[in-house]
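Single-structure report; data block below.
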Amino acid sequence: MATKKIIITIDGWSSCGKSTLAKQLAEKLNYVYIDSGAMYRAITLYFLRNHVDWTDQKEVLSALTNIQLEFHYNENSAQSEMYLNGENVEYVIRDLVVAEKVSEVAAIREVRTFAVKQQQAMGKKKGIVMDGRDIGTVVFPNAELKIFMTADNAVRVERRFKELYEKNPNITLEEVKNNLEMRDYIDSHREVSPLRQATDAIVLDNSHISMEGQLKMALGWVKEKL
Ligand code: CDP
């Protein structure tokens, strides 16, 4: 394929397969994949562990100065994983305990400024696929290809339940459903960078599309942009 490298953004609702598509694309195109949600999850983990009162702006700003976020590629899992102050937190940040608070933390202006700055730096050389909520609208408003993903609620709940149940068989479908609904509500109603579809984004509803099917569609869009 052409040597020109572009920025691909994938935004959308919780658990609609954004990271799956982003990873597929990055692998096919030999691009870097960045899971921006992992950064908000890692910050939330830090706040929870260190009992940071995130309703207090001063405490938030001070805590952020002690947070170092990095992605490192893991050969075994064949993906980049999230490190918080040198510790691999890729697994623990997926926990429902973190998911229950992450949208509250991600709504804080200072937290977003902190994360967005780092995300923008990662895209300097292009050749990147980043997924999240505000990537096409705020982080990379000039991205060449923007995808907005959605899927039926029941499909999304079922997918996330399966993922979490493998780690924790005590989890219930109801808990997962409530968490997704709560996060979607907070993410789309917050004041700073709410989740919304960029006007120039292509909508992909993958409720009834296979993983191979969605990749084929997205690669077609990439081809048009190269
Ligand atoms: O995987 P899932 O779609 O469920 O969520 P995620 O991408 O891991 O993101 C977790 C949470 O981080 C979201 O519910 C948002 O509150 C927040 N987030 C955000 O505010 N902005 C982003 N660019 C990415 C995530």
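The values are calculated or read from the model by the stated rules, or taken from the named source; none is laboratory data. Computed from a predicted structure; not experimentally measured. Quick reminder, even Gly has a Cβ in these numbers, built from the backbone with ideal geometry, and neighbours come from all protein chains shown.
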*Tell me which residues, restricted to the stretch 107-147, are more than 8 Å from the ligand (Cβ to nearest atom), farther than 18 Å from residue 26 by Cβ and not in a helix (DSSP H, G or I).*
108, 141, 142
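Just checking: which of the helices (runs of 4 or more DSSP H) contained wholly in the stretch 1-65 hold 1 or more residues that are surrounded by 23 or more Cβ atoms within 10 Å (Cβ to Cβ) and within 14 Å of the ligand (Cβ to nearest atom)?
It comes to 18-29, 36-49.
Determine if the stretch 81-94 includes at least one residue that is hydroxyl-bearing (Ser, Thr, Tyr), more than 12 Å from the ligand (Cβ to nearest atom), surrounded by 14 or more Cβ atoms within 10 Å (Cβ to Cβ) and within 30 Å of residue 223 (Cβ to Cβ).
No, the stretch 81-94 has no match at all.
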*Which of the following residues is more than 14 Å from the chain's Cα centre (by Cα), small (Gly, Ala, Ser) and buried (at least 19 other Cβ atoms within 10 Å of the Cβ): 143, 121, 78?*
143
*Sort out which residues of the stretch 28-41 are closer than 16 Å to residue 71 by Cα and over 10 Å from the mean Cα position of the chain (by Cα), and write them in order of number.*
31, 32, 33
*Among the residues of the stretch 214-226, which ones are in a helix (DSSP H, G or I) and surrounded by 13 or more Cβ atoms within 10 Å (Cβ to Cβ)?*
214, 215, 217, 218, 219, 221, 222, 225
*Test result for residue 133, modelled with pLDDT of 95 or more and crowded, with 18+ Cβ neighbours inside 10 Å*: yes
*Say we look at the stretch 180-211 and pick out the residues that are among the hydroxyl-bearing types (Ser, Thr, Tyr) and within 17 Å of residue 142 (Cα to Cα); which of these is nearest to the ligand (Cβ to nearest atom)?*
193
_Single residue of 126, 101 found to be out of contact with any strand residue (DSSP E or B) (no Cβ under 9 Å at 6 or more places or on another chain) and touching a residue at least 40 places away in the same chain (Cβ under 8 Å)_ = 101
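For residues that are touching a helix residue (DSSP H, G or I) at 6+ places or on another chain (Cβ under 7 Å) and in contact (Cβ under 8 Å) with a residue 24 or more places away in the chain, scanning just the stretch 149-164, find the one that is nearest to the ligand (Cβ to nearest atom).
Only one residue fits best here, namely 160.
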_Being part of a helix (DSSP H, G or I) and either more than 21 Å from residue 208 (Cα to Cα) or among the charged types (D, E, K, R) (or both) is the filter here; which residues of the stretch 155-172 pass it?_
156, 158, 159, 160, 162, 163, 164, 165, 166, 167
_Residue count, the stretch 193-213 (criterion: in contact (Cβ under 8 Å) with a residue 40 or more places away in the chain, over 13 Å from residue 18 (Cα atoms) and not in a loop (DSSP other than H, G, I, E, B))_ = 1
